[in-house]
Amino acid sequence: MRVTVLITSFVLMIASGVIANTKGAIEPVVRNIVYIHVPASICSLVCFGGLFVFSIMYLIKKKPIFDYLGAASAEVAFVFATVLNITGMIFAKAEWGLWWTPSMRLITSAILWFLAAAYLILRSSFNEQGNKANLCAVFGIIAFVDVPFVYISARMMRDIHRPSFSFDSSWQSTALGLAILATIMLASTLIWMRADIEKLNEKLN
Amino acid sequence: MNYLIGAFAVSWAVYFIYLIYMGCKLNSLSKRLESKYPLEK
């Protein structure tokens with residue numbers, strides 16, 4: 001099942017790449033980074049949403065599976081936030097001539113990466129399962145506070161980062177839609193694998 | 001164009017390295033669990 005989802009996700013990514021390289025190409029060419037940057041940002045926000053939901057579920061039900069899923073969501077959110085920030089910096093250098101600038105969208109996105117890193121550091125610094133799970137769940141809920149700020153920052157204030165992207169043709173939106181779908185499928189498989197690793201680790205200890 | 005290639009290369013490298021790391025980790029944990037609690041045939 002997992003392999004099927006992964007293969008489907010890669011096929012969709014390739015299909016998106018083919019469309020983006022032919023009929024869906026954006027001018028100037030560097031703006032095609034949007035096909036990686038936007039799916040990565042959506043996935044990192046969705047993973048933070050997952051962390052928030054699983055943390056609440058753990059605090060209510062106290063079932064270890066929610067703790068495993070929360071930890072998995074945080075780690076996958078970290079991976080996608082890394083891609084989001086790196087591709088964003090590459091785009092900024094190409095488009096604006098600088099790697100980073102203190103704009104609200106860029107600051108809140110960088111905070112997102114640091115929050116995911118802090119969650120992982122916090123998790124690895126505990127040995128006892130009960131305390132670790134409780135504290136991480138509370139941190140996961142607090143960390144989610146940054147997500148709405150990432151979304152509204154460029155919409156509420158004047159920002160160098162545009163709030164949304166408008167497309168010239170339906171091919172471009174199709175390519176982006178496929179890329180988002182493929183990345184979400186990849187993210188769910190990664191969360192699934194990571195939660196299984198947590199479960200197996202717990203069985204072995 | 002170089003920036004675009006760089007962005008694609010970095011993102012795909014991150015995804016693949018993480019995926020391979022998870023696959024290897026899952027495999028080694030399954031083997032350890034199997035050797036600790038062997039299945040009766």
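The values are calculated or read from the model by the stated rules, or taken from the named source; none is laboratory data. Note that the coordinates shown come from a computational prediction; the quantities given were computed from them, not determined experimentally. We place every Cβ from the backbone using ideal geometry, glycine too, and count neighbours over all the protein chains shown. Just so you know, the surface numbers come from the protein's heavy atoms only, side chains and all, with ligands and any DNA or RNA stripped out. Shrake-Rupley method; radii C 1.70, N 1.55, O 1.52, S 1.80 Å.
Annotation: of all residues in the stretch A:26-41 being touching a residue at least 24 places away in the same chain (Cβ under 8 Å) and of a type in the set (A, V, I, L, M, F, W, C), the one that is nearest to A:T189 (Cα to Cα) is A:A40. Going by what's in this entry, would A:V76 be described as open to solvent by less than 40 Å² (accessible area, probe 1.4 Å) and out of contact with any Ser or Thr (no Cβ under 9 Å at 6 or more places or on another chain)? Answer is no for this residue. Among the residues of this structure, A:K132 does not count as one that is open to solvent by 20 Å² or more (accessible area, probe 1.4 Å) and within 14 Å of chain B (Cβ to nearest Cβ).
Conditions (1) open to solvent by 60 Å² or more (accessible area, probe 1.4 Å); (2) at the interface with another protein chain (Cβ under 7 Å from one of its Cβ atoms); (3) not in a helix (DSSP H, G or I), marked per residue:
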position: B:Y3; (1), (2), (3): yes, yes, no
position: B:G6; (1), (2), (3): no, yes, no
position: B:S11; (1), (2), (3): no, yes, no
position: B:V14; (1), (2), (3): no, yes, no
position: B:Y18; (1), (2), (3): no, yes, no
position: B:C24; (1), (2), (3): yes, no, no
position: B:N27; (1), (2), (3): yes, no, no
position: B:K31; (1), (2), (3): yes, no, no
position: B:E34; (1), (2), (3): yes, no, no
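Inspect the stretch A:9-32 for any residue being in a helix (DSSP H, G or I) and touching an Asp or Glu at 6+ places or on another chain (Cβ under 7 Å) and give the result as yes or no. Looking through the stretch A:9-32, at least one residue is in a helix (DSSP H, G or I) and touching an Asp or Glu at 6+ places or on another chain (Cβ under 7 Å). For the stretch A:50-67, check the following and say yes or no: at least one residue is under 30 Å from A:V18 (Cβ atoms), without any contact (Cβ under 8 Å) to a residue 12 or more places away in the chain and in a helix (DSSP H, G or I). No - not one qualifying residue is present in the stretch A:50-67. With respect to the conditions (1) surrounded by fewer than 23 Cβ atoms within 10 Å (Cβ to Cβ); (2) touching a residue at least 60 places away in the same chain (Cβ under 8 Å); (3) touching a helix residue (DSSP H, G or I) at 6+ places or on another chain (Cβ under 7 Å); (4) part of a helix (DSSP H, G or I), A:A110 falls short on a single one, namely (2).
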